[in-house]
Amino acid sequence: MNNQTVKVPFVDLALQHQPIQTQLQQAIQAVIERGDFVLGQALKEFEAAFAAASGAEYGVGVASGTDAIALGLQACNIGPGDEVILPVNTFVATLIGVIHAGAKPIFVDCDPQTALIDLEAAARAVTPQTKAIIPVHLYGQMVSPRQLLDFADTFKVLIFEDAAQAHLAEREGYRAGSVGSAAAFSFYPSKNLGAFGDGGMLLTRNPDIAQKMLRLRNYGAAQKYIHVEAGTNSRLDTMQAAVLHQKLPYLPQWNRDRFNAAQHYNIELAPLASSGLIPIQNHSGEGHVYHLYVIRVDDSCVVQRQQLQEQLTQLGIQTGVHYPIPCHLQPAFIHLGYQVGDFPNAEMLSRQILSLPMYPGLSHSQVQEVVSAITSSLSTQEQKVLCI
Ligand SMILES: *Cc1c(COP(=O)(O)O)cnc(C)c1O
């Protein structure tokens, strides 16, 4: 489909960069002049700023969110022989991180209303080998910190947050990244805080975890040419850190924009609930940062998710599905031994969910345009059904 026919894009990054273009260019220019492209000054500054903004003590920038999970788990001394509990309905990078750390992933199902990890199912999955739980703050909504801390206390496991979709999200007085022993963030361009390429960070308030993470990302070196861990090369580029640091002050407003757009969706979509179109629920009040705005196309609806998505594309509305195949059914991970039917809620959601356009600057009238396109798709289909 060519660009002219797109009426509402899924995301619009140019919209957030255009007004601050000059300062972004100056920040990049400053790195070029200093020449400290790897582990430079702007990286240290951004690590400190992002950790402080998130209520954590230390930040260690790495090459991606995936590496923040893989190396972060290792920094928490999790590896071979350890089991790590994670929700099955997450981006595959959560799983890849666990596997790269050498630990055994143990999947659990989700709550069908919020799409967040089901902590009762997680409790049933605990064994003597369980070392950690990874709550994924999916779509920008935190998993309840109080329930997580209770869980960790009851089962003596550590909490490792996957906060890749939840920069500055809040719940019950906690910020994403300040609940667990450590937390992984991604700065992939379309995340709430996005770089001009890949990037990630581990946050922690534990100095030992931070120190080990600094070594792991830098060939395992405690000092130059003395390698005390089997580390790797995974650093957040100084230039990306400089860009991210310039963008960080705008993040609270961008998150509020997302929240306001979500409120508009909630209001506009309310009449369609009786037709089987149901937004994923927000149980965290104003702390939800809506990385994605996701609805369920219930089995009772006259259209199926795929049909609705195709019709919206025809009408110039871009949408997404996060995610169409749960981790346990991905071809690469069949050997883990799970089967269709093991996680009914996640499997149902993977068939029903649809992500609507969401980005800072999405206007009220664009939200109305999306919802009226949905309404017209539903009524076209209703008429077809009546004619048969
Ligand atoms: C984006 C994302 C990641 C991985 O981040 P990358 O920077 O793309 O490696 C991990 N977990 C979740 C939930 C994500 O959305």
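Looking at 112, 105, 87, can you tell me which residue is more than 23 Å from residue 334 (Cβ to Cβ), assigned by TED's automatic domain parsing to the domain that holds residue 206 and under 20 Å from the mean Cα position of the chain (by Cα)?
Only one candidate qualifies: 112.
Tell me which residues, restricted to the stretch 162-180, are buried (at least 20 other Cβ atoms within 10 Å of the Cβ), assigned to a loop (DSSP other than H, G, I, E, B) and more than 8 Å from the ligand (Cβ to nearest atom).
163, 166, 167, 168, 169, 176, 177, 178, 179, 180
Could you tell me whether any residue of the stretch 67-88 is over 21 Å from residue 289 (Cβ atoms), in contact (Cβ under 8 Å) with a residue 24 or more places away in the chain, within 16 Å of the ligand (Cβ to nearest atom) and of a type in the set (Asp, Glu)?
Scanning the stretch 67-88, I find at least one residue that is over 21 Å from residue 289 (Cβ atoms), in contact (Cβ under 8 Å) with a residue 24 or more places away in the chain, within 16 Å of the ligand (Cβ to nearest atom) and of a type in the set (Asp, Glu), so the answer is yes.
Taking the conditions exactly as written (of a type in the set (Gly, Ala, Ser), more than 30 Å from residue 261 (Cβ to Cβ) and either outside any helix (DSSP H, G or I) or under 25 Å from the mean Cα position of the chain (by Cα) (or both)), does residue 48 satisfy them or not?
yes
I need the full set of residues from the stretch 282-307 which are surrounded by fewer than 14 Cβ atoms within 10 Å (Cβ to Cβ) and not charged (D, E, K, R), in order please.
Matches in the stretch 282-307: 285, 300, 306.
Can you tell me which of (1) surrounded by fewer than 18 Cβ atoms within 10 Å (Cβ to Cβ); (2) touching an Asp or Glu at 6+ places or on another chain (Cβ under 9 Å) is the one residue 92 doesn't meet?
So the condition that residue 92 fails would be (2).
Restricting attention to the stretch 181-194, does a residue exist that is within 12 Å of the ligand (Cβ to nearest atom), of a type in the set (A, V, I, L, M) and not in a loop (DSSP other than H, G, I, E, B)?
Checked the stretch 181-194: at least one residue is within 12 Å of the ligand (Cβ to nearest atom), of a type in the set (A, V, I, L, M) and not in a loop (DSSP other than H, G, I, E, B).
Regarding residue 38, is this residue at pLDDT 95 or above, β-branched (Val, Ile, Thr), farther than 26 Å from residue 141 by Cα and in the same structural domain as residue 163 (by TED's automatic domain parsing)?
For residue 38, the condition - at pLDDT 95 or above, β-branched (Val, Ile, Thr), farther than 26 Å from residue 141 by Cα and in the same structural domain as residue 163 (by TED's automatic domain parsing) - is met.
Can you spot a residue in the stretch 138-149 that is surrounded by fewer than 20 Cβ atoms within 10 Å (Cβ to Cβ), more than 16 Å from the ligand (Cβ to nearest atom) and either of a type in the set (Asp, Glu) or closer than 14 Å to residue 60 by Cβ (or both)?
no
Please go through the stretch 92-108 and pick out each residue that is within 12 Å of the ligand (Cβ to nearest atom), in contact with a strand residue (DSSP E or B) (Cβ under 8 Å, 6 or more places away or on another chain) and of a type in the set (A, V, I, L, M, F, W, C).
Those that are within 12 Å of the ligand (Cβ to nearest atom), in contact with a strand residue (DSSP E or B) (Cβ under 8 Å, 6 or more places away or on another chain) and of a type in the set (A, V, I, L, M, F, W, C): 93, 95, 98.
Each row is one residue, and each column tells you yes or no for (1) assigned by TED's automatic domain parsing to the domain that holds residue 380; (2) surrounded by fewer than 22 Cβ atoms within 10 Å (Cβ to Cβ); (3) modelled with pLDDT of 95 or more; (4) aromatic (Phe, Trp, Tyr).
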{"site": "271", "(1), (2), (3), (4)": "yes, yes, yes, no"}
{"site": "276", "(1), (2), (3), (4)": "yes, yes, yes, no"}
{"site": "309", "(1), (2), (3), (4)": "yes, yes, yes, no"}
{"site": "322", "(1), (2), (3), (4)": "yes, yes, yes, no"}
{"site": "333", "(1), (2), (3), (4)": "yes, yes, yes, yes"}
{"site": "346", "(1), (2), (3), (4)": "yes, no, yes, no"}
{"site": "357", "(1), (2), (3), (4)": "yes, no, yes, no"}
{"site": "368", "(1), (2), (3), (4)": "yes, yes, yes, no"}
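The values are calculated or read from the model by the stated rules, or taken from the named source; none is laboratory data. Everything numeric here is computed off the predicted structure, so don't read it as measured data. We place every Cβ from the backbone using ideal geometry, glycine too, and count neighbours over all the protein chains shown.
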